[in-house]
Amino acid sequence: MSSLQVDPGALRARVRAKYREVAVDPGGSFHFHTGRALASRLGYDPGIVDALPDRAVESFAGVANPFSLRRLAPGDKVVDVGSGGGFDSFIAAAQVGPRGQVTGIDMTPEMLAKSRRTAEELGLAHVQFRDGLAESLPVPAGWADVVISNGVINLCADKQAVFAEIFRVLRPGGRLQFADIATGRPVPAAARRDIDLWTG
C-alpha cells in the first residue's frame with residue numbers, strides 16, 4: 001500500500017493547470033506573488049533581473065532565492081528542477097557564463113514554450129528546457145555540478161523520489177541549492193489528503 005497522502009497524477013494535473021494560468025496570464029490573480037516585485041522582495045540581484053525582458057520575469061513564482069546560498073561558478077553545469085517560465089534558469093545562465101550549461105526541467109507545456117522562446121530570443125545557447133518530472137529527471141546520472149529548485153518540491157507527492165533523482169543527477173561532490181516551503185508543525189492527515197490545500 002502506498003504511503004503517499006495524495007494521488008501523484010491528480011496532484012500533477014492540478015499543478016499543471018495552476019501554472020498554465022501563470023504562464024498564459026501572469027498578471028492574473030493568484031494566492032502567491034509573481035514577477036519583478038517578487039524577485040525584488042526575495043533579494044535577487046537587481047542588475048541581472050533588470051536586464052531581463054518582461055517575459056523572462058513575469059511568470060516567476062518562487063518562494064525564496066536559491067542563489068543567496070552560494071553563487072554559481074563560471075562553467076558549472078546546472079539542473080533547474082521545476083523551471084517554470086525560466087527565470088531561475090536565466091539567472092543561473094548569467095552566473096555560469098557561456099562555458100557553463102543550464103538545463104531546466106518542467107512538466108507544464110505552456111511554461112516550457114515560454115522559457116524556450118525566451119532563451120532563443122536572448123541568444124542563450126547554453127540554456128535548454130526539457131519536458132519532465134521532478135521524480136524522473138531527463139538528465140544523465142552524475143551530469144550536474146549544481147541542482148537548483150524554487151518552490152517546487154513541496155508540490156510533489158513523493159518527495160523521496162524527487163530527492164533520489166536529484167542526487168542521481170548530481171556529480172560526486174555536487175550540491176543542491178533549493179528554496180521551498182516547509183511546515184513548522186505536523187499537518188493533520190486530513191489536510192495532507194486534501195489536494196486543494198496542496199495547490200491553493
Could you list, in sequence order, all residues of segment 3-28 that are modelled with pLDDT under 90, open to solvent by 80 Å² or more (accessible area, probe 1.4 Å) and either farther than 21 Å from Gly132 by Cβ or not charged (D, E, K, R) (or both)?
Ser3
Take Asp88 and decide whether it is of a type in the set (D, E, K, R), touching a residue at least 40 places away in the same chain (Cβ under 8 Å) and either assigned to a loop (DSSP other than H, G, I, E, B) or in contact with a Lys or Arg (Cβ under 6 Å, 6 or more places away or on another chain) (or both).
no
Can you name every residue in segment 91-104 that is within 13 Å of Thr118 (Cβ to Cβ) and either modelled with pLDDT under 95 or part of a strand (DSSP E or B) (or both)?
Val102, Gly104
For segment 146-173, name all the residues that are assigned to a strand (DSSP E or B), crowded, with 19+ Cβ neighbours inside 10 Å and in contact with a Gly (Cβ under 9 Å, 6 or more places away or on another chain).
Val146, Val147, Ser149, Asn150, Leu170
If I filter segment 109-117 for residues that are open to solvent by 10 Å² or more (accessible area, probe 1.4 Å), of a type outside the set (A, V, I, L, M), touching a residue at least 12 places away in the same chain (Cβ under 8 Å) and under 17 Å from Leu170 (Cα atoms), do I get at least one hit?
no
How many of the residues in segment 105-145 are small (Gly, Ala, Ser), over 25 Å from Glu58 (Cβ atoms) and part of a loop (DSSP other than H, G, I, E, B)?
2
What number goes with the only condition from (1) free of Cβ contacts under 8 Å to residues at least 40 places away in the same chain; (2) surrounded by fewer than 24 Cβ atoms within 10 Å (Cβ to Cβ) that Ile105 does not pass?
(2)
So which residues in segment 40-91 are under 16 Å from the mean Cα position of the chain (by Cα) and polar (S, T, N, Q)?
Ser59, Asn65, Ser68, Ser83, Ser89
List the number of the failed condition for Val79; all other conditions in (1) open to solvent by 10 Å² or more (accessible area, probe 1.4 Å); (2) of a type in the set (Val, Ile, Thr); (3) in contact (Cβ under 8 Å) with a residue 60 or more places away in the chain hold.
(1)
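Taking the criterion of being part of a helix (DSSP H, G or I) and of a type outside the set (Gly, Ala, Ser), would at least one residue in segment 61-71 satisfy it? Please lay out each step first, then the result.
Pass one, segment 61-71, residues part of a helix (DSSP H, G or I): 66-68.
Those still in the list that are of a type outside the set (Gly, Ala, Ser) too: 66-67.
The answer is yes; a qualifying residue exists.
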Within segment 47-58, the residues that are open to solvent by 80 Å² or more (accessible area, probe 1.4 Å) and either assigned to a loop (DSSP other than H, G, I, E, B) or farther than 20 Å from Arg116 by Cβ (or both) are Asp50
Out of all the residues in segment 20-36, is one or more assigned to a loop (DSSP other than H, G, I, E, B), under 18 Å from the mean Cα position of the chain (by Cα) and on the phi > 0 side of the Ramachandran plot?
no
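Going through Pro26, Pro46, Pro53, Pro8 one at a time, which residue ends up being within 14 Å of Leu155 (Cβ to Cβ) and not aromatic (Phe, Trp, Tyr)? Steps first, answer last, please.
On the way: Pro26 fails: within 14 Å of Leu155 (Cβ to Cβ); Pro46 fails: within 14 Å of Leu155 (Cβ to Cβ); Pro53 fails: within 14 Å of Leu155 (Cβ to Cβ).
One residue alone meets the criteria, Pro8.
The values are calculated or read from the model by the stated rules, or taken from the named source; none is laboratory data. Keep in mind the model is a prediction, meaning the values are calculated, not measured. Positions of Cβ are backbone-derived with ideal geometry, glycine not excepted, and every protein chain shown enters the neighbour counts. We work out accessible area using only protein heavy atoms, side chains counted, and drop any ligands, DNA or RNA first. Shrake-Rupley method; radii C 1.70, N 1.55, O 1.52, S 1.80 Å.
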